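Down below is the structure, laid out as structure tokens.
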Amino acid sequence: MTLADTLRTSFKTVVSYRVRSLLIILAMALGVAAVVVLTALGDGARNYVINQFSSIGTNLLVVLPGRAETSGSFLGAVLGQTPRDLTLKDAQLLGRLPQVRRYAPLNVGAAELSAANRLREVTVLGSNADLIPIRHMKLAQGGFLAHGTERNAQIVLGAKIANEFFPRSQAIGQRVRLGDSRFMVSGVLAAQGESMGFNTDEIVIIPIDYAQAMFNTTSLFRILIEAKSHNDIEPAKQAILATLKQSHDGEEDITVITQDAILSTFDRILHTMTLAVAGIAAISLIVAGILVMNVMLVAVNQRTAEIGLLKAIGATSSDIRRLFFAEAVWLSFAGAILGFLLGQFGNLMLRLAFPQLPAWAPVWASIAGILVALITGIVACLWPASQAARLDAVKALSKR
Amino acid sequence: MIRLSAITRTFHMGDQTVYALNGINLHIASGEYVSIMGPSGSGKSTLLNIIGLLDQPDSGRYELDGRLITDLSETEQAQIRREKIGFVFQSFHLIPRLTAAENIELPLILNGMPQEQRQIRVNDALQAFELKQRASHRPAELSGGQRQRVAIARATIMQPSVILADEPTGNLDHQIGAEVMALLENLHHTGTTLIVVTHDRELGARAHRQIAMRDGKILTDQADDAG
């Protein structure tokens, strides 16, 4: 029996047991679709997080006061148990490093903003003009603490704040009171919404000197550094550590976090999660494989007389084994392809429903899903097929 | 040419050993028309199955066309079944999901014949057995006589040298049965060896050589002068 005839004959068999075949194909397809959709979700989440992280800046390094003994736990730093503060002078030193394109010192606090008979509590950032390019923020109008004018009492309002205080009038040029000081609005941030748990629409930004004066401190909360290129990130980190160690009397009491390190950590975690989810989905493929085995065993039993007949008209055991085998291949193949298409359709629906989520199944997952479906289907058929091939012709023929 | 020497076939029922065939010696020349008769359990079907290579004897020698069969591998035996032997069964054994034409085509597919040649052969067979109108019907849509004609067409499509028929008219009424027998006898007239197993005396009497069996042994072996 030729291969083409084996495939054609078994294909006819698959088609003639329509309901049975459809059910197995569906079971197989759901398994493959689960792999395709779940990995798309996992990988989509990974890409989403990476995009979000990338959107907060490029080649970004964050310098915080305090020393983390191990790279993973900078809890002490966050809680502010610092032996020595970061100062504006430190920030300026870092700004002169050859690997650094620009820097922005940062202070954070809260104060009451009042203008046009309105009053509210706002989050206040103190920084310089480079904060905008470093953090990839955009201005809707006006300018931002132009270079060399840090000493001017300028303020930039978040989009929502500007809208709340000056709903009908131009915000630029308006005078506002923040805490005890008076500022002139020089710019309004473009609405960006929340990014990494920080809503830039509800903040105001003032020059760092004013912020330090207002909060009565000489220390900095952070220094944001943008390295000149991706390759400069690691040298910049070393240079920063060395520079500040020198200026802090030989004590290494700061922590430098690179955006890269955070990114790759998230990347690893989410990639592992995607793998885990794919593994869980693959279990449903194994279940489908057992279903194929059961159905093929029933088929062997049902077609006993037919197998006897085939032997009587000269089929060899391997002909019969191949026929059942080919049948399982058709079923698994159809299930795998249908499942792949179903999964792709599901991913399309996901992308339409959640435009922010890039729900594309990774190529490896699609290929693995299809392969696992084919392999389980084929492995599941080995035993029933050999049962069929081993049937005793005389006994098989006498069965009605 | 079929030559059986001291063929024994036993079955085990519980701790009892039953001789289905007990030392059968039989020689059937090419082109003979033989009937094998006997009550049920006499071993006549077992004999037919052994001649048709569906069953293996426990001991004894079997030669078919000068070739010792008993030592052949399973695959070689399948090839001999395919090329030299045609089976006709009481219950037709057609594959229900295949059409008449596809059922007839099966042995050719198993033999690996290219599709165009198969088409020609199947068409000829459909013509010869007056099944042209029924070519694309499934067995369920055919009468008993038509089904057996399909089965005979399938048994003869490879132009075998031996046709083995096990109660070929058992499921048919008298008249249709006679038509089917006429078809089989026609094959015999073209030189094919025809062996019919039956418990119907009238049917058995049509053969030129009649073998009667009982308890796994050949009781009588008579040949008509006409044979």
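Derivation of every value follows stated rules applied to the coordinates shown; laboratory data play no part. All figures in this text were calculated on a predicted structure; none of them were measured in a lab. Please note: Cβ atoms are built from the backbone with ideal geometry, for glycine as well, and neighbour counts cover all protein chains shown.
Quick notes on this one:
- Elements of type helices (runs of 4 or more DSSP H) contained in the stretch A:312-400, each with 2 or more residues being under 24 Å from A:Leu7 (Cα atoms) and more than 14 Å from every other protein chain (Cβ to nearest Cβ): A:317-353, A:363-390
Yes or no, residue by residue, for (1) on the phi < 0 side of the Ramachandran plot; (2) loosely packed, with under 15 Cβ neighbours inside 10 Å; (3) among the β-branched types (Val, Ile, Thr):
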site	(1), (2), (3)
B:Val122	yes, no, yes
B:Ala128	yes, no, no
B:Lys132	yes, yes, no
B:Ala135	yes, no, no
B:Arg138	yes, no, no
B:Gly145	yes, no, no
B:Pro160	yes, no, no
B:Ile163	yes, no, yes
B:Ile176	yes, no, yes
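- Of the residues making up the stretch B:138-162, just one is polar (S, T, N, Q) and within 12 Å of chain A (Cβ to nearest Cβ), namely B:Thr156.
- The stretch B:34-74 - residue that is part of a loop (DSSP other than H, G, I, E, B), over 23 Å from B:Val88 (Cβ atoms) and in contact with a strand residue (DSSP E or B) (Cβ under 6 Å, 6 or more places away or on another chain) and, of those, farthest from the other protein chains (Cβ to nearest Cβ): B:Thr70
- Applying a threshold of 9 Å to beta carbon distances and a minimum spacing of six or more residues, or different chains, the list of pairs starting in the stretch A:122-139 at a residue that is under 19 Å from A:Ala162 (Cβ atoms) and ending at one that is of a type in the set (Asp, Glu) reads A:Val122/A:Glu112; A:Val122/A:Glu202; A:Thr123/A:Glu202; A:Gly126/A:Asp209; A:Ala129/A:Glu150.
Quick grid of which residues meet (1) closer than 19 Å to B:Asn103 by Cα; (2) in contact (Cβ under 8 Å) with a residue 60 or more places away in the chain:
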{"position": "A:Leu310", "(1), (2)": "yes, no"}
{"position": "A:Leu323", "(1), (2)": "yes, yes"}
{"position": "A:Trp330", "(1), (2)": "no, yes"}
{"position": "A:Phe333", "(1), (2)": "no, no"}
{"position": "A:Leu342", "(1), (2)": "no, yes"}
{"position": "A:Phe345", "(1), (2)": "no, no"}
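- Restricted to strands (runs of 3 or more DSSP E) entirely inside the stretch B:158-227, those with at least 2 residues that are farther than 17 Å from B:Ser30 by Cα are B:193-198, B:209-214, B:217-223.
- Hits in the stretch A:43-66 - residues which are in a helix (DSSP H, G or I) and not hydrophobic (A, V, I, L, M, F, W, C): A:Asp43, A:Gly44, A:Arg46, A:Asn47, A:Tyr48, A:Asn51, A:Gln52, A:Ser54, A:Ser55
Conditions (1) charged (D, E, K, R); (2) in contact (Cβ under 8 Å) with a residue 40 or more places away in the chain; (3) buried (at least 17 other Cβ atoms within 10 Å of the Cβ), marked per residue:
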site	(1), (2), (3)
B:Gly60	no, yes, yes
B:Leu64	no, yes, yes
B:Arg67	yes, no, no
B:Leu72	no, no, no
B:Glu83	yes, yes, no
B:Phe89	no, yes, yes
B:His93	no, yes, yes
B:Pro96	no, yes, no
B:Asn103	no, yes, yes
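- Top-ranked residue of the stretch A:300-311 - restricted to ones that are touching a helix residue (DSSP H, G or I) at 6+ places or on another chain (Cβ under 7 Å) and not charged (D, E, K, R), ranked as farthest from the other protein chains (Cβ to nearest Cβ): A:Val300
- Residues of the stretch B:87-104 classified as among the aromatic types (Phe, Trp, Tyr) and either within 7 Å of another protein chain (Cβ to nearest Cβ) or under 14 Å from B:Val196 (Cα atoms) (or both), total: 2
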